[in-house]
Structure formats: structure tokens, C-alpha cells
Amino acid sequence: MKTVRRMSDYIAGLFDVRKRARKVRELSPLASLKGYELGDVPHDIVAGLVIAALSIPISMGYAEIAGLSPVYGLYASILPAIVFALVTNTRSIVFGLDSATVAVTGGVVASVGVTLGSEQAFALMPTLTALVALFLLLFAFTKAGKLVHYVPEPVMNGFILGISITIIVHQVPKLVGVPGLDLFRLIDFSSAIDVQGFLALAADIHFQTVALSVFALVSLFFMGKYAPKLPGSLIVLAFGMLFSVAFGLESQGVTVLGDMPEGFPSLVFPHVTGLGAAVMIGGAFSIAVTIAIESLLTLNTFCMQEGERPHGDRELASLALGNAASSLIGCPPCSASLSRTAAAKSSGGVSQVASVVGALAVAIFVLALAPYLRHLPEPVLASIVVYAMVHVVDFDAVGRYAKNARIELGVLVLVACVVVLFGAIAGVAAGIAVSFLTQYYRKRATGNQKLMGFVADSGSQPDTDPVIPDNMRVYYLSGFLSFSNIDHTLEDVREGIVEGVDTVILELSGVTNLDATASETLRRFIRALGSQGVSVRIVRSLSLANDHYTRFELRRVMKRVHAYPTVQSAIDDANRMKRKQMLDIPLDQDEEDEEGPADDPPVDSSQTEA
């Protein structure tokens, strides 16, 4: 009922037009540079060069997936990235081509009967990207950013898995040197499978191409494991061009990129193409939804780490402006890039100056080296794309579901299969529907109830009326914490953490069910508070948890922090540790490590599960 009421409030809020327009107008250029210092410049320069090193090879591959020449991936890393950096309010999000977005874009281009890489694809792209920008602006105006909170973690992981499988399968013909090889014909239920024709194509495998693909993939995975700080994709791209020139790979039958435009693109303007307007509009909507989901999840993740408040609707408007710039140079739709944002942060990036530096570095690359890209072998670029797709899949989450959450695993597999067979939007819609059904089932399935929590010592004070110091906040969470309510629940906690608060106590004794999304959100929330210097303590007295999966997820949350049987015991221990620190008394090893070892059980030997 609470979820239904929140959805009703959201729909009612759509009619407050003035408020919606005011929110969009709050975009202010260079807002992300507030508090920027001269000493941050060297860090942003290094991070910008890292962004460029990642963007150059992967964006070229992504452009091909979307149906354009690889050089348009480089163009998309320049002007659109700079426009987004100038208007966004976030300090760290990197804007550019991303895997899910280009996969959906390529599917839309193909669905209107246009061959990927053809002149028609180039003519179609400005209009398609402009429509995506308009939909993103509409989402911002209607406050659609909140809807991303209703996408469960297993659905998002299944979506990414399905997209990755789709892209990898499309790279196989390039990896083996057989352009007409279509593995999706094996799962096309609408027509008979031409096994003979398929085997004839398979017999045409080009062994030099296969050898080059294997060498590139082995090199990428080797550097990824043993030299992760090296820009492996850029190194493989450079060596691929050198091998191609040195050994004349093109003359041996290895496909190379060939001639590409030099310099920067001319401005183009969207125009009516007459190619299935209804399909185009529907496709642009599906691309915009994909961008909104991926970008807002990335935004929430990094804003939480930095202690910033995410403003989803304003960032949707920023995404719209970035895509408007992309349409003016004929590039595919872009979104927030999780991998490049993470790389920029780990390289010391402080602000959007890093994105601007990265864009300028790509521009220099285009001016100086673009003519030499014609020698780049297609299998090397395909290998870079495959390597990137393998690394966007969260295999840890898949393993966790397989071991402890069969329902979530089923949702993930369902979404991945539907995405591969029927498309991205169908997969997400099916996953969300099934997630609500499983949530309804779990609320009523109490056959596996067991007690879980901590037993208070006989001499400890009861929690009848704990005295809460001014530097602490206590929040009571109860019921079923799930993908549909966890963000709304934690919003109250965020608002209560003001200056001077250094300890947050989460009382979870009333939590009967906990799903994967809520668990992961709690873990990210705890890590984010820790990075801001706020200590988190969890209270869980001996109480019922409805199923095995809830108990597993509660352990995952509690093992990262100190846990207690009562609020008063948590307050007393926090005060004791603070007094020790003020007196400069060395803490015990287990007290010094606030989070505790990652594989240890919750901190209390009296934990009981009966």
C-alpha cells in the first residue's frame, strides 16, 4: 500500500507544471566546480588522461555497434562530453558512449530496415539522437528520475548480462573473419534454421583473423589480471595497428577499418527521414529509458560515495543537453559511463575538469592519429569490445544469487533471456513485473522463519528509553526492505545527518525480509557514510527473519560494521570508543578496524540463529 501511495503522489505531482519547470531551470553552468581549488588541477589532468585512454579504444567499438564508423565514437567523446561537463551538477560522472545504450541503438537502427554502417544509418542517427534528447528532457520535466528506484538489482544485473551476451555474439563474425555468420539465427523461432548454410559459413573461418583475436583477448585478460593499472585496451589497439602495418595483415585477408573521415565532423541537423516514424519514436523512447536507468544508477552510486545529494531530474536535463550536442555532429546517444567514472575516481579525479581534459586529449588524438586508424584490424577492435562486455557483468552477484537466492537468480536469468530474444525494454519490464510478484510471495511465505540477532547480556540496560547524544542519530527500520522502498526509507536517514553528527545507529530488529537491492543499497550507504567520517552501528536483537535469504543478506550488511543487541549498548560503546580516542589511548585491533574483516561474522559472539 505504501508503494501504491508513493506512486499516486508521483502521478499527482506531474500536474504541478510550474514546480517541474523550476526544477529543470535550476541547471547552472559550471555548478560542479563549486569549491574547486588550484591544487586539484594536477589530479584532474591525470584522471582526464586515464579517461581518454579508456575512451579511445572502447568508444570506437561502441560506435560500430550503434551502426556508425568507429571515428564517430571518438567524436562522441569530445563535444558531447564537454557540454555535459559544463551543465551537470555532479563532480565526477563521465559522459559518453556506453554498452547498453549503443546495443539498444543498434537494435533500433536495424529495426527500421537500415543496414548498420550504411549511408542510411549515418543519415538516421542525428534524428534518432535528437528524439532521445527530447525524451530525456520530458523525463526531467515530469520528474521521472524517481522511477529508477523501482528497478531491482537482479533486474539491472540481468539487463546488463543480456546486453553483454547480445554484443559479444555480434562480435563473433569479426573475431573469426566471417562477416555473414549470424549466431542469432540459431535462436530465431520465427524461421527455420539453415543449418547447411550456417555450417558452410563456419567452414570459411579465417585462421589468421582467429589467431589475431586470440592474441588480443589473451593480452587484454592477462594485463587486466596482472597489470590492471596499465591501459590494456589502448596498448592492444596500438600494437594491433603496428602488426597490421608491419606484417601486411590486410593483404593476408584480415579485415581492417579502412579509410575514415579526417578532422572534426561538420554540424548536421535532425530531419525527417521517412523511415518508420512510429518505430523511430518508439526506439528513441526505449533508448532514453535505458540511458535514464543506467545513468541515474551510476549517479546514485557515486553521489552516495562522495556524500552528495543526487538530483536525478536535473541530471536528466544535463543528459538531454549532452545528447542534443551529440545529435548536432551525427553521433549516437550517450549516457553516464560507470566504468570510466570509476576509473576517473580511482585515478584521483576531483571534478568535471577531468572530463574536459579527457575530451581535449581525444581531440588531439583525432587530429594527429586518426588517419592511421585505417590500419586497425577489425578483430582487435572486436576483442576490445568483448573484453569490455565481460567486465561489465557482475559475476559476484550472479554467484551470490546462485548460492543463496534462487528467486533472484531466476529473475536475473529471465531478464537476460528476454533481453537477448526480445529486446532491452521487454526484459526490464518483465523483470520488474516478476520482482513485484516475488516480493508479494515472500511477504506471505513464513514457513522458514527463524530467530536471528544478538542476545543482550544479563546486566545490560533495556531499550525502554535510550538517551541519544547530540552527535548521534538512531533510525528504526522495519518490515520488508526491498527495491521498492529502500531509497525512500534511507532518504529520511540522509536528511537527519547534519554537521556534528558522527554516529548513525540503524535499528534493524523489526526487519522481517530483505532483498538483494535493499541489502546492496544499505552496504553502499554504510560505506558512503564511512567515507564522510560518520560511523554506522547496527542493532539487531533476537527476532524473526522470514527466510534464509533475508538472514544471508542481513549477515552481509552486519559483517561490515559493529552490531549490538540494544540501542543503548551501541550508544555506550560509541561513547567509550570516542573517549578512548580523545584521550589518545590505543584501541584494540578489532576496535581500530571499524568495518572489521570482510569474511568475519557480525561482531558479537552471542549471535544466535535458532
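The values are calculated or read from the model by the stated rules, or taken from the named source; none is laboratory data. Treat the numbers as computed from the prediction; the structure is a model and nothing was measured. When we count neighbours, we look across all protein chains shown, and the Cβ atoms used for this are built from the backbone with ideal geometry, even at glycine. The protein model used for the area step is the full one, side chains on, heavy atoms only, and it has no ligands, DNA or RNA in it. Shrake-Rupley method; radii C 1.70, N 1.55, O 1.52, S 1.80 Å.
About its Cα centre, the dipole of the stretch 487-537 is roughly 260 debye, where the only charges are +1 on Lys and Arg Cβ and -1 on Asp and Glu Cβ.
For the peptides 362-370, 221-229, 503-511, the ranking by packing is 503-511, 362-370, 221-229, with the highest mean count of neighbouring Cβ atoms within 10 Å listed first. For Lys578, the solvent-accessible surface computed with a 1.4 Å probe is close to 80 Å², ligands and nucleic acids excluded. Once a ≥ b ≥ c are taken as the square roots of the eigenvalues of the Cα gyration tensor of the stretch 454-574, is the result rounded (a/c under 1.5), prolate (a/b larger than b/c) or oblate (a/b not larger than b/c)? Taking the square roots of the gyration eigenvalues as a ≥ b ≥ c, the stretch 454-574 is oblate.
Solvent exposure of the stretch 419-546 amounts to 44 Å² per residue of accessible area, where only protein heavy atoms count and the probe is 1.4 Å.
With the whole protein complex present, Thr298 retains an accessible surface near 10 Å², based on a 1.4 Å probe. Dividing the convex hull volume of the alpha-carbon atoms in the stretch 81-155 by its residue count gives 144 Å³ per residue.
The peptide list 425-435, 396-406, 259-269, put in order of mean Cβ contacts within 10 Å with the highest first, becomes 425-435, 396-406, 259-269. Shape analysis of the stretch 348-474 places it in the oblate category; the axes a ≥ b ≥ c from the Cα gyration tensor give an a/c of at least 1.5, with a/b not above b/c. Solvent-accessible surface of protein heavy atoms, probed at 1.4 angstrom with all chains present, puts Lys345, Lys146, Lys34 in the order Lys34, Lys146, Lys345, largest first.
Backbone geometry of the stretch 478-492 corresponds, through the Karplus equation with coefficients 6.51, -1.76 and 1.60 at θ = phi - 60°, to 3J(HN,Hα) couplings of 8, x, 9, 8, 9, 4, 7, 9, 5, 5, 5, 5, 6, 4, 5 Hz, x marking Gly and Pro. Heavy-atom accessible area with a 1.4 Å probe sorts Leu54, Leu477, largest first, into Leu54, Leu477.
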